[in-house]
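Enquirer: Below is a structure I'd like to ask you about.
A short reminder: the numbers here are calculations on the coordinates, not readings from a lab. Remember, it's a predicted structure, so these values are computed and weren't measured experimentally. Reconstructed Cβ throughout: ideal geometry from the backbone, glycine too, with neighbour counts over all protein chains shown.
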Amino acid sequence: MKLAGYIGDGRTVKETHDFRDLTAEELKQQALYKSVVAEARNRLALFRVLDENHRDWSEFLQSLLHPGPLDDEAVVLQLERRLLNYLTCAHHIRQHFEASFQQRFRTDSSEQKKYKMLLDGLTQASWPFAFFLDYRNCVQHQGLALGFFKRKLSPTAVSLEITLNAAELLNTTKDWPRSKLAASKGIMELVPLLREFHTQMMQKYSGIVIQTLFAELIPASDFYKKLAAEVTQKDPRLTMALRSGEPTAVDNKLVFVPNDLFAELGLAGVVRK
């Protein structure tokens with residue numbers, strides 16, 4: 001197997017170049033990491049779904065910032081749909097990976113302690129993260145998630161008010177074990193809270209998942225990034241790939257591998273340590 005580079009988009013390859021044979025150690029690493037990466041692409045795609053849900057929410061909010069009247073009832077319905085989709089997806093991600101973790105490490109007390117410590121650390125470091133873990137359970141009681149919404153028009157600007165009332169939430173349920181929600185929080189702006197929660201999910205919580213379930217992704221990322229750097233140093237136009245078989249063999253073909261693994265997984269900002 002050779003280190004190679006190509007020009008194209010992966011589906012249409014316009015030009016290829018071979019550089020050198022992989023070393024025995026590199027062949028060993030490639031054999032190990034290809035299955036790790038394949039599983040990660042499948043399982044971690046849930047975070048890309050979450051990111052798409054947040055983008056859908058954000059873009060709809062942006063679409064409301066134009067002059068002219070709108071049907072407020074229809075707007076609220078669309079906001080509720082997007083917010084519930086997002087919260088449901090975030091909850092599904094946590095359930096999925098926690099179930100996977102329990103299945104893999106149910107008899108390993110040290111790993112159980114490590115996961116709890118990482119998750120507790122995140123909830124303590126980010127109140128919005130802790131709040132939305134609790135809030136999703138609150139939504140189960142009240143059905144809808146949006147809280148108060150008002151669109152304000154003036155001669156020069158359009159603004160949105162989307163808020164949650166801490167006292168009203170506490171009347172819905174007293175169970176806020178992670179965030180310790182208190183009435184003193186008063187009126188809370190939903191949009192920046194959700195934005196911060198999403199950042200924590202995409203960067204910190206995904207990092208916890210990688211550390212506890214996909215630890216080999218970190219050396220895999222470093223391995224492929226090093227090969228990619230070698231190829232682009234020779235020709236910046238090229239995307240790194242591998243080539244199996246001999247140049248004249250019928251089964252000679254490019255093997256597409258990650259160049260920037262975490263970026264290709266949709267987790268470019270993930271905190272890996």
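Enquirer: Hey, with R₀ at 30 Å, roughly what FRET efficiency would Val36 and Arg195 work out to, going by the Cβ-Cβ distance, to 0.05?
Expert: 0.45
Enquirer: Cα to Cα, under 20 Å, and not fewer than 8 places away if on the same chain: which aspartates and glutamates meet these conditions relative to Lys152?
Expert: Glu59, Asp71, Asp72, Glu73, Glu80, Glu161, Glu189
Enquirer: Right, another one. Describe numerically, in nm with one decimal, the distance between label points set 7 Å from Cα along Cα→Cβ at Ser109 and at Asp235.
Expert: Here the answer is 5.8 nm between the modelled labels.
Enquirer: Grab every C-alpha pair in the chain, bin the distances at 5 angstrom width from 0 up to the longest one, and report whole percents.
Expert: Per 5 Å bin, starting at zero, the Cα-Cα P(r) for the chain comes out as 1, 5, 10, 13, 13, 12, 10, 9, 8, 7, 5, 3, 2, 1, 0 percent.
Enquirer: Can you give the FRET efficiency for Lys226 and Glu59, using 1/(1 + (r/R0)^6), R0 = 30 Å, r = Cβ-Cβ distance, to the nearest 0.05?
Expert: 0.25
Enquirer: Moving on to the next point. Enumerate the aspartates and glutamates that Lys116 could reach by cross-link, defined here as Cα to Cα under 18 Å, with residues fewer than 8 away along the same chain left out.
Expert: The qualifying aspartates and glutamates are Glu98, Asp108, Asp134.
Enquirer: Would you compute, from DSSP H runs of 4+ residues alone, the mean residue ellipticity of the chain at 222 nm, taking -39500 (n - 2.57) per run and dividing by the full residue count, rounded to the nearest 500?
Expert: -18500 deg cm²/dmol
Enquirer: On to the next question. Roughly what angle does helix 190-200 make with the longest principal axis of the chain, taking Cα atoms, 0 to 90 degrees, to the nearest 10?
Expert: 30
Enquirer: In whole angstrom, note down how far apart the Cα centers of segment 10-32 and segment 87-115 are.
Expert: The two parts, judged by their Cα centres, are 35 Å apart.
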